[in-house]
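A.B. asks: I'd like to ask some things about the structure below.
The values are calculated or read from the model by the stated rules, or taken from the named source; none is laboratory data. What you are looking at is a predicted structure, and each value in this text was computed from that prediction instead of being measured. Glycine gets a Cβ as well: all are built from the backbone with ideal geometry, and neighbour counts include every protein chain shown.
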Amino acid sequence: MAGAHPRTLLGAAWAMLQPAADVEGQHLQAHAACRLGDYQRARRLWEALAQDGDGEALEQLVQLARRAQ
C-alpha cells in the first residue's frame, strides 16, 4: 500500500480500508488510525512493528504515551 501520509480525514479513512501488505502500509494505517482517533488500533499496529525492531514505530509509541499524559 504505497501512498502519501493521511493528512485529511478522508485520506485517513481511505488508508484504513486498504490492505497493509508491507511495513509501509502498516505505518500508514497506524498514522491513519491516529488521525481518526483510534489510538488503540494505532498502538497495536506500532507495537507489532516495534517488536520487529522498527525504530520509527518505537518513536510513535513514545509519542502516543506522551499524548496520554
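A.B. asks: Could you list all residues from the stretch 35-69 that are free of Cβ contacts under 8 Å to residues at least 24 places away in the same chain and touching a Lys or Arg at 6+ places or on another chain (Cβ under 8 Å)?
C.D. replies: Matches in the stretch 35-69: LEU61 only.
A.B. asks: Can you list the helices (runs of 4 or more DSSP H) found entirely within the chain that contain at least 3 residues being modelled with pLDDT of 85 or more?
C.D. replies: Per the criteria, 23-35, 39-51, 55-68.
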